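Input: a single structure, listed below in structure tokens.
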Amino acid sequence: MVERRLRSLGLVVEHQYLGTLAVTETLDEVSRRGILYAVVVTSQHEVHRSVTVNILHGTQQGKLR
């Protein structure tokens, strides 16, 4: 569902099912490949109908309050 929604917004999407792989190791690996964003969905996210978006490159523009 998340992938379909992102594609409908015109984004290029690649997904990986992590299984036993650690999220941090995977984020490090995709960051080295130049991927800009990573969306993480766990079983807890499914319960709360949420996602975590990791910004892998760029500079901070300011603080959110």
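The values are calculated or read from the model by the stated rules, or taken from the named source; none is laboratory data. Note that the structure is predicted; figures quoted are calculated from it, not measured. In this analysis, Cβ positions are derived from the backbone assuming ideal geometry, glycine residues included, and neighbour counts consider all displayed protein chains. Ligands, DNA and RNA are excluded from the accessible area calculation, which covers all protein heavy atoms including side chains. Shrake-Rupley method; radii C 1.70, N 1.55, O 1.52, S 1.80 Å.
Considered as a group, the residues in segment 42-63 that are of a type in the set (Val, Ile, Thr) and at pLDDT 90 or above include one that is surrounded by the most Cβ atoms within 10 Å (Cβ to Cβ), and that residue is 51. Listed by first and then second residue, the pairs with beta-carbon distance under 6 Å, at least 6 apart or on different chains, first residue in segment 1-25 and under 16 Å from residue 36 (Cα atoms) and assigned to a loop (DSSP other than H, G, I, E, B), second open to solvent by less than 90 Å² (accessible area, probe 1.4 Å) and not aromatic (Phe, Trp, Tyr), are 13/3; 13/6; 15/3.
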